[in-house]
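Throughout, read-outs are computed from the coordinates displayed, never taken from laboratory work. In this text, all values refer to a predicted model and were calculated from it rather than measured experimentally. Here the Cβ positions follow ideal geometry from the backbone for every residue, glycine too, while neighbour counts run over all protein chains shown.
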Amino acid sequence: MLAILTVAIPATLVTYPAPSATFPSGPFNISVTEGAGTPQTSFVYHSAAPSNGPGAQKGKSMSWSTFSFAGTVSVAVTPQKNWTNVVLRPTSLGLTASRVGDAAVFSLAQQTKVIVEFDGDTKDSLIVFGDDLEEHLPLREGDIEFGPGVHDINQSFTVPKGARVHLAGGAWVRGTLASKAAAHGATIEGRGVLSGELLAHPSSATDALAMLNLCGNDITVRGLTIVNPPTYMVNLNPYWKGCIEQRSLVENVKAMGWHYTSDGIMVGRNSIVQDCYVRANDDSLKLYMSHTRWERNLIWQLDNGWPLMLSWNTMSNEHNISVTDTVVVHVEHTGDTHGARAVVGAVHGGTAHLSNYRFENLVVEGPVFRPFGITVQKTQFGPFDTGTISDLTFRNFAFEGAAKSDSKLDGNVSQIAFYNLSLEGTVVSSAQEGHFQLGEAVTDVTFSPAAIGD
């Protein structure tokens, strides 16, 4: 008698179902193939700009698809309209697509976020999220699972302390997640979607409507997609709520909004934000708190807010903030605000002394309104001009497109060092050459063509 041993071989390509048989899809079709295997359909989600949203966004849409894999896969994207040319962004990835019939086909060999643009169209956009394989941990008592399908959890669904909240691929969860007491040690993860489509956009930003509105130490948010927010998207330990907790990890989160006040990611001190995609219509990454690392993030900035924002009205002294290996693929700014609308900015109207920022290996692919707008000034949001911003180092920062307005440093701003700053391919060696306007109080601004130095 022979014994037959069957060994389960884990899948190395996982696609996810639509939340329902009638769930609306975007104007693209996607299939993913591993080796010589059979192509698998990857469902394409779709979000149209709301009718009550900002005028600059009306008529636009964004589509996305998520799958998980190990090894190398081939991705075929077929738009519903005819096309001639395709660009894969970030262009720094070096990815190229070939045409096979009506599809644009390209390969992925590691976790990658790819914006697929046909004939320069950014009105109906598409991004492909090729994720690592998930580690499937067993649920424990108190954990929460949202399986494939549509779930209505309403506003401020409570995340318990220490709980694991899993949004499975194919889950469309309508509502927001929040903590009533401190959610120390909580994890929110998965390949599913958290959508704020049923919540009305407020007249001003409110934490109560944030998609993730949590306070607590050691909170992890990983993998999920956040869309259609009425206001803030990832709001962990915001200082303005008196949340002084720390050590958040935000990893591989995809956050996409339409409305003004749809800020991207805020975390408390001693936190890490990495490998995320943010498409926001307010500040995308809020670089507010000490000892935070922001690395390998991808940003599409809409017409409001700043991709990289240092401060509006910070009142506590903060320092040691690093931003590395970040790409801004589009900046849709059309006008100014407080004379400081920019890719990197501050409208610091608080009393805090902010210092020791490090920016390294950043690329902005297209045209911008203004590269830098770092100011200390009074505004309706922060009525002080006694704060300071100092000790900022920018190393290997490239703006590939043209700037409509000069960069601006103003107020109590000092010790700003640029190493290998390039504008449209030209390395900047002086404030004049870089088109910087320097206020009377600004001191010690230097430029070096070399990429070294500290």
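For the reader, a short list of remarks on this structure follows.
- In segment 123-206, the GluC sites (Glu not before Pro) that fall in loop regions by DSSP, at most 10 other Cβ within 10 Å: GLU135, GLU141
- All lysines inside 24 Å of LYS180 as judged from Cα atoms, apart from same-chain residues fewer than 8 positions distant: LYS161, LYS241, LYS286
- Centre separation in Å (Cα based) which lies between segment 133-159 and segment 278-326: 28
- Approximate spin-label separation ALA451-THR33, in nm, with each point projected 7 Å along Cα-to-Cβ: 3.7
- For segment 145-448, the relative contact order works out to 9 percent when only alpha carbon pairs closer than 8 Å and six or more residues apart are counted.
- Distance cut-off 20 Å, percentage of C-alpha pairs in segment 115-229 lying past it: 46
- Phi to ³J(HN,Hα) by Karplus 6.51 cos²θ - 1.76 cosθ + 1.60 over segment 188-197, Hz, x for Gly, Pro: 10, 8, x, 9, x, 10, 10, 10, x, 4
- Evaluated at q = 0.11, 0.14, 0.15, 0.16 Å⁻¹: base-10 log I(q)/I(0), Debye formula over Cα of segment 145-448: -0.62, -0.98, -1.11, -1.25
- Distant-in-sequence amide H partners of HIS333 (H built 1.01 Å from N, under 5 Å): PHE369
- The overall shape of segment 8-68 is prolate: from the C-alpha gyration tensor, with semi-axes ordered a ≥ b ≥ c, the ratio a/c is 1.5 or greater and a/b exceeds b/c.
- Relative to one another, the C-alpha centroids of segment 241-277 and segment 390-412 are positioned 23 Å apart.
- By the rule of a C-alpha distance below 17 Å, with chain neighbours fewer than 8 residues away ignored, the lysines paired with LYS60 are LYS81, LYS123.
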